[in-house]
Amino acid sequence: MTTATAQKAQSSDLVSQIIYAVRSMGLAPIPRNYQLFYEAYIGSNPDLTRDLAALGSRATQEELDELSHRHLGTGQAAVIEDAHSKLLVELDSLLKLLRQEQNSLESYSKLLGETAQRINSKSHFSTDLLSNAITLLSEATGTTIAHGEKTVGGVEQRSQEMDQVRRELDEYKRIANTDSLTRIANRRAFDERLAATYNNSTLLPVTALVLADIDNFKKINDSYGHPVGDKILATVASVIRANVRKDVFVARSGGEEFALIVEGNTADEVMIICERVRRALETRTFRNSRSGVDYGPVTISIGFAMGSQASDPGELYASADTALYYAKNGGRNRTVFFEERMRKDYVGKSWLIYKK
């Protein structure tokens, strides 16, 4: 057995054991469970391996989460991210090897079939030549074409199973990055996306961070209750999403604040985008269809800064937040582009001044 074949077999066996263990114990096929079993099975943490075995086949999700917290020393979000990265590397490697084997077997099976057909069509071949050819083919393969086809089928089934696990991991990561109320990206996803903005410095002059905050939202909650406030948050998210391009990243970055990362536009063009969103909300009717209660106009204040105006994600956020501060204090329901002169006036200011 070659080194590559041995590695493939070992990797295949490991992933198969993890999948079988998770499913046979009736556990949810979520990344943190795959991660826990992965770490235990590769033996990187003997104490974890021992404690997981001690739980037996009736382990509860709570017990597994406790093991993850105790032995892996990470929070749930970090576990999900780590599981996704490690297992996708394992799965991608395994799938590549499986598909190489599948293609190889299919090609060789086809070759054997064509060889047999050509031999049958050559009537002048001697009996000895045919006998020797068949013997050589048999020794070369070590098996029959039928067995090869069966192996191909097994490889294809295994590949499909690996693909399914990968889809499950991708889906749970998507859920982990989605705000459950507004169905747009959450703060965790926003932090990741904002950090990635500075991976390519050449795009910073045409990349903007936009922060939008609902005006007088506390008053809405106090007057009509949090259920109404939640519906308004969801509607605002929907209006924002509907009025920007599909490639614009939109997230709920906190409470009643939304964040957009716009790429490929100048500051003047970003201003036009922001104003389109602001006016769409300004003219939107917020009324209860059953009771007829009008919740009054719902507006947003917007501040934005270009990536080239900051040296890192933290400074960019502070710059956009400063512009948002000016939009609020300037009368609300307006868009302000960050200017460096604003920074010194913003230092020490509190959101409490203008968020009421």
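Things worth noting here:
- Taken across segment 227-237, residues that are closer than 26 Å to GLY314 by Cα, out of contact with any Ser or Thr (no Cβ under 9 Å at 6 or more places or on another chain) and either without any contact (Cβ under 8 Å) to a residue 40 or more places away in the chain or assigned by TED's automatic domain parsing to the domain that holds ASP294 (or both) do not occur at all.
- When the residues of segment 201-218 are filtered to those that are part of a helix (DSSP H, G or I) and touching a residue at least 12 places away in the same chain (Cβ under 8 Å), the one that is surrounded by the most Cβ atoms within 10 Å (Cβ to Cβ) is PHE217.
- Listed by first and then second residue, the pairs with beta-carbon distance under 6 Å, at least 6 apart or on different chains, first residue in segment 320-342 and over 19 Å from PRO205 (Cα atoms), second among the polar types (S, T, N, Q) and surrounded by 22 or more Cβ atoms within 10 Å (Cβ to Cβ), are ALA327/SER301; LYS328/SER301; ARG332/SER301; MET342/THR322.
- Tallying residues that are of a type in the set (Gly, Ala, Ser) and modelled with pLDDT of 95 or more within segment 200-229 yields 2.
- Restricting attention to segment 291-316, the residues being more than 19 Å from ALA234 (Cα to Cα) and of a type outside the set (Gly, Ala, Ser) number 7.
- In segment 235-250, the residues that are among the charged types (D, E, K, R) and assigned to a helix (DSSP H, G or I): ARG241
- For segment 339-352, filtered to residues that are of a type outside the set (Val, Ile, Thr) and not in a helix (DSSP H, G or I), the residue that is modelled with the lowest pLDDT is SER350.
- Residue count, segment 313-338 (criterion: at pLDDT 95 or above, in a loop (DSSP other than H, G, I, E, B) and not basic (Lys, Arg)): 2
- Residue within segment 265-281 that is modelled with pLDDT of 95 or more, buried (at least 21 other Cβ atoms within 10 Å of the Cβ), outside any helix (DSSP H, G or I) and in contact with a helix residue (DSSP H, G or I) (Cβ under 9 Å, 6 or more places away or on another chain) present: no
- The residue that is nearest to GLU257 (Cα to Cα), among those in segment 316-344 that are touching a strand residue (DSSP E or B) at 6+ places or on another chain (Cβ under 7 Å) and among the hydrophobic types (A, V, I, L, M, F, W, C), is LEU324.
- Screening SER253, SER301 for residues that are surrounded by 17 or more Cβ atoms within 10 Å (Cβ to Cβ), at pLDDT below 95 and part of a strand (DSSP E or B) leaves exactly one candidate, SER253.
- Taking every residue in segment 262-285 that is within 17 Å of SER301 (Cα to Cα) and pairing it with any residue that is basic (Lys, Arg), at least 6 positions away or on another chain, the pairs with Cβ-Cβ distances below 8 Å are ARG278/ARG334.
- Qualifying residue in segment 309-325 (condition: in contact with a Ser or Thr (Cβ under 8 Å, 6 or more places away or on another chain), farther than 25 Å from ASP179 by Cβ and not small (Gly, Ala, Ser)): yes
- Exclusive hit being buried (at least 21 other Cβ atoms within 10 Å of the Cβ), polar (S, T, N, Q) and either assigned to a loop (DSSP other than H, G, I, E, B) or outside the structural domain of SER308 (by TED's automatic domain parsing) (or both), set THR197, THR182: THR182
The values are calculated or read from the model by the stated rules, or taken from the named source; none is laboratory data. In this text, all values refer to a predicted model and were calculated from it rather than measured experimentally. As a convention, Cβ positions derive from the backbone with ideal geometry for all residues, glycine included, and neighbour counts pool all protein chains shown.
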